[in-house]
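Colleague: Okay, here's the structure, questions in a sec.
The values are calculated or read from the model by the stated rules, or taken from the named source; none is laboratory data. Every value quoted in this text rests on a predicted model; they were computed, and no experiment measured them. Don't worry about glycine lacking a Cβ; one is built from the backbone with ideal geometry, like all the others, and counts go over all protein chains shown. We work out accessible area using only protein heavy atoms, side chains counted, and drop any ligands, DNA or RNA first. Shrake-Rupley method; radii C 1.70, N 1.55, O 1.52, S 1.80 Å.
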Amino acid sequence: MATTHNLGFPRIGAKRELKFALESYWKGESSLDDLKALGAQLRQRHWAHQADLGLAAAGDFAFYDQVLDMSFTLGNLPERVQGFHGDALDNAFRVARGRSAKGAEDHSACCGGVAAGEMTKWFDTNYHFIVPEFNASTEFKLDPSRLLDQLAEARAQNVKVKPVIVGPVTYLALGKAKDDSDKLALLPRLLPVYAELLAALAAQGVEWVQIDEPILVTELSAEWQQAVVTAYQALANGKVKLLLATYFGQLLGNLPLVCQLPVQGLHLDAINARAEVGAVMAQLPQDRVLSLGVINGRNIWKTDLTSVLDWLEPVAGQLGERLWIAPSCSLLHVPVDLESEQKLDAEIRSWLAFALQKLDELKVLAIALNRGRDAVKAELAANSAAIAARRTSPRVNNPAVKAALASINPALGRRKNPYPARADKQAALLKLPAYPTTTIGSFPQTGEIRQARSQFKSGALDEAGYKTAMRAEIERSVREQEALGLDVLVHGEAERNDMVEYFGEQLDGYAFSQFGWVQSYGSRCVKPPILFGDISRPKAMTVDWIQYAQSLTSKPMKGMLTGPVTILNWSFVRDDQPRSVSCYQLALAIREEVIDLEKAGVRVIQIDEAALREGLPLRKAQWKEYLDWAVESFRITANGVDDETQIHTHMCYSEFNDIIASIADMDADVITIETSRSDMELLDAFDNFNYPNEIGPGVYDIHSPNIPTQAHIVQLMKKAAERIPAQRLWVNPDCGLKTRQWEEVIPALTNMVAAAKTLRAAS
């Protein structure tokens, strides 16, 4: 009898209830008790969805981030928040975003905001986690209350659960030493706290604990491999059974090591590591459970259940009750419920499965394995029909797009002249001062903007009225920037709901959900568009808006586009062709927009590639293939313009030091990056690499409500000037400003412009 279980469930709620509750609390509009009550309601609902599984997940719910929660469970708090005497949840928010709710700071030793914790991507997903911080004196002290409270809630609901925790090696590997100390030297201090945690869970009657170690699908040095062995030998004598969960990739060289660890079960991502199932079965001791992730936890296409059963049935025959089945990873990365999508195209909807539907697929597989396929004959037939319909649909394949793809040649990806020659022409045309100032593209999405968009979508506002409202917001953004004294302006993106969805809505080959929200970080949710077919651009997408904005000012106006790699990586992508093919299709479509912007007189064009690094394979040995087609896709997009047109790109919250050469190969005239939270550490890459073009290190952390001071910005830019020649430096925020309020943005940008003037005076 195969056992079904789940590795984690989306926590935001089917209607983003958690997002709205968080933002209400942070604004001081609701109480902490209200927020906690909403969290309890969501957990209760999510366990109800998982109640008929063998084991549901507990501890996967977080008000902000599960890695941050693990830091608090382990007592690993940054020194700057250790003087806080209020509720622990408020303190977690202080680490995550620099401050908590209005009034919560009254319980702090210092009443102002603090530096927010560094944030980066969870492996190769678009989910951001708060990076654990270490130093040589870091100590750990257990606080199991979060997990114990959730266990008590599940027990009261009569749901059988297994707690989910981040494993010790992954926790250390993902953290950052804030001094020159060795993170692995902390392992002997960390393991006793993990052992204490497992003992506390055992005391509550817990049988199984899921301990997530996705670091095992990456390349590990001999030192880190030994750390894995040391960790699990130290935890082997506990009274709970450990399910070691790996996901997002293959084990490869770590496979023999993992199979011999003293744990009671192993979870393997059988979507990405299907080829390793046989080797794992051969090497895993006969008394161990093998959990196979047979439902894709990161994409929304229906599972081909018959195909899965064809290979899974022989496995079940060999393993018997030792076989568990589950999604490949936590369902955190997909929307909650397809049943909410009543406006989605019916044909495309029939091809999809969100989190709840994936759990249904899991149940069908379990019944087929345990009772035979005839027991779910109707379900399997309906599934096969949907899979076949998608495969043969004429909406998926466009011969004209395939012909355009075949015509791609190396010349499409080359500018007419190298950067030095272009830079001279651009300087003569744009006439910018030293340390030119700009922003990344978006300005606050005000209530008025959202109301106009909502009314337009509902039909309460006609197209002419909507355009008038958006033009008014664009004019406001332009006037504010002129008053601030910024050098290169943006139109503010009032008309855009999302930097990817906006473009997908205007490209053939995309579909859109109404409630397909996925958490990106904290209260920030995104609704990834669904890339289901070949991509083409029927008409210009941004030109009219940018032309209007340029007509309002004599200063240079940036055309704002999202690049092909980011559109790809932030979409739910078709799984019936290589990702590179879809990316080249996107590149050709966005290239047309770039050329049209230039024809319209726009001489500064930003093509955001915020997700370039996110798409990297988890193993460095596989990086080159990805970077070759990703960089070439950007170059195809950007390089159809004259030398005088200045091409910008932007990357945020990505550790890219190890791919700096590939970023240089993109050959953008200007790149803007995040450096504020990392205190310019990302610029370490330039110590050993002579970056040839211009760069804007982000000096304003827009993910925090804290307002940077002029002195702080000057200090950061001076650090940057130690690595990059001052004549090639720009001054800008680290990301777009759509999530901030005007009352935060104006003083922050005022300080930024003042800092640039100070730097010019000193140069």
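Colleague: What is the distance in Å between the Cα centres of the range 276-353 and the range 40-75?
Modeller: 21
Colleague: Normalised by the number of residues in the range 1-71, what is the relative contact order in percent for Cα pairs under 8 Å and 6+ residues apart?
Modeller: 47
Colleague: Separate question: Checking the table 36/343; 425/757; 176/738; 183/620 against a 31 Å threshold on Cα-Cα, which pairs fail?
Modeller: 36/343
Colleague: Considering the Cα positions of the range 191-277, please state its Rg to one decimal place and its Dmax as a whole number of Å.
Modeller: In Å, with Rg to one decimal and Dmax whole: 13.2, 39.
Colleague: Quick one: pull the percent of accessible area on the range 487-545 belonging to carbon and sulfur, 1.4 Å probe, ligands and nucleic acids left out.
Modeller: C and S fraction of accessible area: 47 percent.
Colleague: Measure off 7 Å from each Cα along the Cα-to-Cβ vector at residue 378 and residue 576, then give the distance between these two points in nanometres to one decimal.
Modeller: Inter-label distance under the simple model: 2.7 nm.
Colleague: Tell me, what ³J(HN,Hα) does each residue in the range 179-189 have, in order and in whole Hz, if you take phi through Karplus 6.51 cos²θ - 1.76 cosθ + 1.60 with θ = phi - 60° and put x for Gly and Pro?
Modeller: Once rounded to whole Hz, the list reads 10, 8, 6, 8, 4, 5, 5, 7, 4, x, 7.
Colleague: Sort 272-280, 625-633 by the packing proxy (mean of other Cβ within 10 Å over each peptide's residues), most packed first.
Modeller: 625-633, 272-280
Colleague: Continuing with the same structure: Rank by packing, highest mean first: peptides 397-403, 230-236, 719-725, with packing defined as the count of other Cβ atoms within 10 Å averaged across residues.
Modeller: Highest-to-lowest ranking by the protection proxy: 230-236, 719-725, 397-403.
Colleague: Which is farthest toward the positive dipole end of the range 268-411 among 382, 319, 397, measuring Cα position about the Cα centre, with Cβ charges +1 (Lys, Arg) and -1 (Asp, Glu)?
Modeller: Farthest along the dipole direction, towards plus: 397.
Colleague: Calculate how steeply helix 377-392 sits against the longest principal axis of the alpha-carbon atoms of the chain, using the helix alpha-carbon long axis, and give the answer as 0 to 90 degrees to the nearest 10.
Modeller: Approximately 30 degrees, to the nearest 10.
Colleague: What figure in square angstrom, to the nearest 10, would you give for the accessible area of residue 124 with a 1.4 Å probe?
Modeller: Solvent-accessible area, nearest 10 Å²: 30 Å².
Colleague: May I pose another question? How far, in degrees from 0 to 90, does helix 579-599 lean away from the longest principal axis of the Cα atoms of the chain, to the nearest 10?
Modeller: Roughly 20 degrees between the two axes.
Colleague: With a point put 7 Å past each Cα toward its Cβ, work out how far residue 727 is from residue 102 in nm, to one decimal.
Modeller: 4.9
Colleague: Here is a further query. Only four residue types carry charge here, +1 at the Cβ of Lys and Arg and -1 at the Cβ of Asp and Glu. Report the dipole size of the chain about the Cα centre in Debye, rounded to the nearest 20.
Modeller: 600
Colleague: At 1.4 Å probe radius, can you tell me the per residue accessible area of the range 1-44 in Å²?
Modeller: Here the residues of the range 1-44 average 41 Å² of exposed surface.
Colleague: If you rank 239, 36, 363 by how much accessible surface each has, with a 1.4 Å probe, what is the order from largest down?
Modeller: Sorted descending by solvent-accessible area, the residues read 239, 36, 363.
Colleague: Between the range 384-462 and the range 559-584, how far is it from one alpha carbon centroid to the other, in angstrom?
Modeller: 11
Colleague: For the chain, what mean projected area does the convex hull of the alpha carbons give, in nm²?
Modeller: Taking the Cα atoms of the chain, their convex hull projects to 31.1 nm² on average.
Colleague: May I pose another question? Roll a 1.4 Å probe over the protein heavy atoms and report the accessible area of residue 31 in Å², nearest 10.
Modeller: 50
Colleague: Ignoring ligands, DNA and RNA, please state the percent of accessible area on the range 602-666 from carbon and sulfur, probe 1.4 Å.
Modeller: Carbon and sulfur: 46 percent of the exposed surface of the range 602-666.
Colleague: Another question about this same structure. Taking H placed 1.01 Å from N in the peptide plane, check which residues at least 5 places from residue 698 or on another chain put their amide H under 5 Å from its amide H.
Modeller: Answer set, sorted by chain and number: 673, 674, 675, 676.
Colleague: Could you tell me what % of all Cα pairs in the range 54-184 have separations over 19 Å?
Modeller: Tail of the P(r) past 19 Å holds 53 percent of the pairs.
Colleague: Same structure again: Compute the long axis of helix 710-721 from its Cα atoms, compare it with the longest principal axis of the Cα atoms of the chain, and write down the angle in degrees, 0 to 90, nearest 10.
Modeller: The two axes meet at around 90 degrees.
Colleague: Let me ask something else. Working with all protein chains in place, sort 728, 471, 450, 349 by solvent-accessible area computed with a 1.4 Å probe, largest first.
Modeller: So the residues, ranked largest to smallest area, are 450, 471, 349, 728.
Colleague: A further question on this structure: Which pairs, out of 27/558; 19/624; 15/102, put more than 29 Å between their alpha-carbon atoms?
Modeller: In this structure, 27/558; 19/624 lie more than 29 Å apart at Cα.
Colleague: While we're here: Around residue 170, under 11 Å between beta carbons, what's the net of Lys plus Arg minus Asp minus Glu among the other residues?
Modeller: Local net charge: -2.
Colleague: Using protein chains only and a probe of 1.4 angstrom, how many square angstrom of residue 583 are accessible, to the nearest 10?
Modeller: Surface accessible to solvent at residue 583 totals approximately 0 Å².
Colleague: Excluding residue 452 itself, what net charge comes from residues whose Cβ is under 12 Å from its Cβ, given Lys and Arg +1 and Asp and Glu -1?
Modeller: Every neighbour counted, the sum reads 0.
Colleague: With a Förster radius of 56 Å, plug the Cβ-Cβ distance of residue 460 and residue 409 into 1/(1 + (r/R0)^6) and report the FRET value to the nearest 0.05.
Modeller: FRET efficiency, residue 460 to residue 409: 0.70.
Colleague: On to the next question. Enumerate the residues in the range 281-321 having an amide nitrogen under 12 Å from the point lying 7 Å beyond the Cα of residue 241 toward its Cβ.
Modeller: So the set is 287-291, 321.
Colleague: Distance between the C-alpha centers of the range 526-540 and the range 742-763? Whole Å please.
Modeller: Answer, in whole Å: 38.
Colleague: Something else about it: Which order do you get for 47, 26 if you rank them by accessible area with a 1.4 Å probe, largest at the top?
Modeller: Reading off the accessible areas and sorting them downward yields 26, 47.
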